[in-house]
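S.K.: Below you will find the structure I want to go over with you.
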Amino acid sequence: IETFLAEQSARIAYLENLTLTDELTGLCNRRGFNEHLRRTLAAARRFGHTGVLIYCDLDNFKDFNDTHGHCAGDAVLRHVANTSLQSLREIDTVARLGGDEYAMIVAQTQWQDGAKRAQTLQWALESTPCQFNGEMLPVEVSLGIEPYGPDDTPEELIRRADMAMYYVKRRKKGSLGRVAAE
């Protein structure tokens, strides 16, 4: 009975982990991210911590997939995940929210330091192409960077970071109205 219970406990833990993890990248998925963000903001309220939320979207990813194929697109998504993990600290959270959208919680840091980390992340992502089938595939991203503190709620913080990311995307396109379809 002990062996059976141990096996069932391990299976339950594995299945619970699957509900919080993105299968392609091994990062937190949207559900896992929401849980991390909720806990991070609870700690901010309790201890007065501050930090930065980074919303990341790959530029022109649909065109990329159409040109290079979905296997290449998957390789780029894994590349972004690995580069993000290497560029941030172990206490930070990196999540793939779905499609080509990522979010990073840069915890226990001041706005200026978090913004510098975001710049370093963008540089790392855009200066290191993804290698796939002998090709070097460029990566371009738009980042929305928003500070958080003790008074923030998950919904409002996500909304602000998402708006900041789309603002950057629109500026890159040179048009304030064409990004809505993405």
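The values are calculated or read from the model by the stated rules, or taken from the named source; none is laboratory data. The structure presented is a predicted model; accordingly, all values stated were derived computationally and were not measured. Counting neighbours? That spans all protein chains shown, and the Cβs are built from the backbone with ideal geometry, glycine included. Heads up: the accessible areas ignore ligands, DNA and RNA and are worked out on the full protein's heavy atoms, side chains in. Shrake-Rupley method; radii C 1.70, N 1.55, O 1.52, S 1.80 Å.
S.K.: I want to verify a result. In a Gaussian network model of the chain, Cα cutoff 10 Å, which of these has the top mean-square fluctuation: Phe61, Phe33, Phe132?
M.R.: Fluctuation is largest for Phe132.
S.K.: Roll a 1.4 Å probe over the protein chains and send me the accessible area per residue for the chain in Å².
M.R.: Per residue, the chain has an accessible area of 58 Å².
S.K.: For Cα extents along the principal axes in Å, one of (i) 83, 27, 25; (ii) 144, 26, 24; (iii) 63, 44, 28 was computed from the structure I shared and the rest are decoys. Which label?
M.R.: Identified label for the calculated read-out: (iii).
S.K.: Expressed as a rounded percentage, what relative contact order does the chain have, with Cα pairs under 8 Å and six or more residues apart?
M.R.: After rounding, I find 27 percent.
S.K.: Please give the net charge around Pro154, taking every other residue with its beta carbon less than 13 angstrom from that of Pro154, where Lys and Arg add +1 and Asp and Glu add -1.
M.R.: Net charge around Pro154: 0.
S.K.: Still on this model: Can you compute 3J(HN,Hα) from phi for each residue in segment 76-88, using the Karplus curve 6.51 cos²θ - 1.76 cosθ + 1.60 with θ = phi - 60°, rounded to whole Hz and x for Gly and Pro?
M.R.: 5, 4, 5, 4, 4, 4, 5, 5, 5, 4, 6, 8, 10
S.K.: Here's something else I'd like to know. Modelled label-to-label distance, Leu85 and Tyr14, 7 Å Cα→beta-carbon offset: nm?
M.R.: Computed distance between label sites Leu85 and Tyr14 equals 2.0 nm.
S.K.: Please state the relative contact order of segment 44-124 as a whole percent: Cα pairs under 8 Å, 6+ residues apart?
M.R.: Result for segment 44-124 is 44 percent.
S.K.: I've got another one for you. Which order do peptides 19-27, 47-55 fall in by mean Cβ count within 10 Å, highest first?
M.R.: 47-55, 19-27
S.K.: Each residue of segment 36-41 in turn: what ³J(HN,Hα) in whole Hz from Karplus with 6.51, -1.76, 1.60 and θ = phi - 60°, glycine and Pro shown as x?
M.R.: For segment 36-41, the Karplus-derived couplings read 4, 5, 4, 5, 5, 6 Hz, x marking Gly and Pro.
S.K.: Would you pull out the residues with amide H under 5 Å of Leu88's amide H, same chain only if 5 or more places away, H placed 1.01 Å from N?
M.R.: none
S.K.: Residue by residue through segment 160-165, what is 3J(HN,Hα) from phi via Karplus (6.51 cos²θ - 1.76 cosθ + 1.60, θ = phi - 60°)? Round to whole Hz and write x for glycine and proline.
M.R.: 5, 5, 5, 4, 5, 5
S.K.: In terms of Cα to Cα distance under 20 Å, which lysines are near enough to Lys62, apart from those fewer than 8 places away along the same chain?
M.R.: Lys169, Lys172, Lys173
S.K.: Defining a contact as two alpha carbons under 8 Å apart and six or more residues distant in sequence, what relative contact order in percent does segment 87-182 show?
M.R.: Relative CO of segment 87-182 lands at 17 percent.
S.K.: Whole percent per 10 Å bin, from 0 to the bin with the longest distance: what is P(r) over all C-alpha pairs of segment 1-100?
M.R.: 13, 34, 29, 17, 6, 0
S.K.: Determine the share of the chain's accessible area contributed by carbon and sulfur atoms, expressed in whole percent, with a 1.4 angstrom probe.
M.R.: Carbon and sulfur atoms account for 51 percent of the accessible area of the chain.
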